[in-house]
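Quick note: the coordinates plus some simple rules give every number you see, no bench work behind them. Predicted model only: the values in this text are computed from it and were never measured. All Cβ positions, glycine included, derive from the backbone under ideal geometry; neighbour counts span all protein chains shown.
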Amino acid sequence: MPKRKWDDDGPLATGKKFSLMDGKVDVLEGLVMHKEVISEEFEEELIAFVQTQCERGRSGELKKPTYLRASGERSQGNQREAIMYGGFFDFNRARPGKRGLVPPFPAILERLVDHLVAKNYLPSGVRPDSCIINRYDRGDCIPPHVDHSSYYRPISTLSLLGEEPMLVGSRFRTVKSCTWAPICGKSISLPRRSLLVLGGNSANIAKHCISSCSGQRISITLRKQPPPDWKPDATELVGKGGKRSMQGKDESRVGGVINIGSGAMLKRKSLSGSAKRRKKMMTAQVGRLVQVNDVKQDSPNSHNDTKNGSGRVEVSNGKVSEKQARRNARRLERKQQAVDALKKC
Ligand SMILES: O=C(O)CCC(=O)C(=O)O
């Protein structure tokens, strides 16, 4: 790997490291927790700043997308508030949005970043220039997501006001609305004034989320944006049937993407690489099955339903119902996915 500007920076501050193997991959590689990174006085100052900005947002003084609040039936009780500076974070796609939509860092955030870099919690070459402040109340959450790969790593999150756990891992299950449990992941408590730094696999492979909070909490998530001329990859803009269908107004996450009440959500759920391979395999299997049964229609048993290892295939009037076979294949695929998802790491 070519040397980067910040490789010559002094060593980063040491914090608590984490590890969790999912197969052969340590999905928490690069995750570091630092405690007490700011003073109680600075925490108070930051909390007062956030509360004031949220009040301004609620009163309509701060406009979308600088101030966003989850609302509507899809948010199911989640009323998390978010304030953005430096760069618009497109919650629908967890990626950088259009430039110039939100105000630059206010002085207090510049001071925070100066401090975190000076203390070597963050590498100076990856100085954050975009920030999302999340204000959680009791019951609020943020669903599992991976921050878009165009953001430089590491990304980091400073916790204020209350202590809540963050789930970080490769697989979660939804327990109920706003509540997730790790299948292959860890629950990491985030004390007040702690900084969780997500680098390496913990940022690129693992997802993170905050389940329904037990009380109030504020987080300040800091990221360095890609250069201003960055554009999303063409494949991210166009779905199978042309443009991706957009709809919805409330908070939801589809395929690792959230909507915090700011507008569109992606309707089509993209398949993971392994799911795609399984689908291909199943389609091939169905093709073979259909051929076998087409041959069988000449046999005396051709009017009977044919059982096969991959499911029940209907034969009507001596003809296999391809539709049914495909339906069976899809059912099997879903079953397989559920089984895979439950495999603990
Ligand atoms: O509240 C947190 O600590 C996490 C926030 C987060 O993941 C985000 O804003 O994307």
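May I ask which of LYS323/LYS343; LYS35/LYS64; LYS64/LYS98; LYS16/LYS119 have a Cα-Cα span longer than 24 Å here? As for pairs spanning more than 24 Å Cα to Cα, those are LYS323/LYS343; LYS35/LYS64. Each peptide in 190-201, 42-53, 14-25 receives the mean, over its residues, of other Cβ atoms within 10 Å, and ordering these scores from highest gives 190-201, 42-53, 14-25. Net charge in the neighbourhood of LEU62 (other residues with Cβ under 12 Å of its Cβ; Lys, Arg +1, Asp, Glu -1) is +2.
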